[in-house]
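All remarks here apply to the structure that follows.
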Amino acid sequence: MIARRMLILSGAAAVLAAILPRHTGAADDPTAILTAIYTRVIKGKGDGGGTFVIENKAARAKYLSHALVTLWNKADARTRKGDGGPIGFDPVTNSQDPDVKSYKIAAEKQTAAKATMAVTIEARQPDARANAADKTIRYDFVLEGGQWKIDDIKGAVDGSPWSVRALLVDSFKY
C-alpha cells in the first residue's frame, strides 16, 4: 500500500516537473540580464541609453533589488517638485548623452547568492571616453526570490569612481 502511494506520488511529481513552466533566461542569469539590457541600449544608433532600467517604479522593481528600489524611492520622495531626481545621468551608459557601439560582459565574481559583473562599453565616437576606467560599468547582483536583481551600479567619471547606491545615500544630505 505504501509502495503504491510512493509510486503514484513519484509519478505525479515527474509529470508536474515536465509540464510546469521553468524560469529560465534573464531572471536566472546576470549575464543574460545585462545582455538584454545592452542589446536594447545599442539598438538603432546606440543613443537610446539605458534609462529604461530606472525610469519609473515598475522598471526599477523589474531590474533592481528590493533594497535599492526602497532607497531610490525614498530619495525620489525627497526631491523637490520640478528638480531632477537624485541620479542626474544614465548609469547604464555612464553618460549624459548615450553613445554605445558595442559592449563586453565579464563575470568578476559569483557565488550562489551574489555576483559582480563588469560591462565594458565602446562608443561610436573614438575619443568619447579618454579615461579607460570610464568605459567599465560594474553591476552588483543579489539573488532575491529566485531572481537575480541589480543591487548597485558602479562606474567612474574622469577616473573618479561613483556608485548609484552611494549617490542615493548622499542625496539625503542635501
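The values are calculated or read from the model by the stated rules, or taken from the named source; none is laboratory data. Quick caveat: nothing in here was measured; it's all calculated off a predicted structure. Note: ideal-geometry Cβ built from the backbone for every residue, glycine included; neighbour counts use all protein chains shown.
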| task | Output the residues belonging to the range 48-97 that are among the charged types (D, E, K, R) and either within 15 Å of the chain's Cα centre (by Cα) or more than 23 Å from Y38 (Cα to Cα) (or both). | result | E55, K57, R60, K62, K74, D76, R78, R80, K81, D83, D90
| said: in a helix (DSSP H, G or I), surrounded by fewer than 16 Cβ atoms within 10 Å (Cβ to Cβ) and of a type outside the set (D, E, K, R): is that true of A36 in this structure? | reply: yes
| Boolean, K57 is closer than 16 Å to S102 by Cβ, modelled with pLDDT under 95 and not small (G, A, S) | no
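Among the residues in the range 135-146, are any of a type in the set (A, V, I, L, M) and modelled with pLDDT under 95?
No, that holds for no residue.
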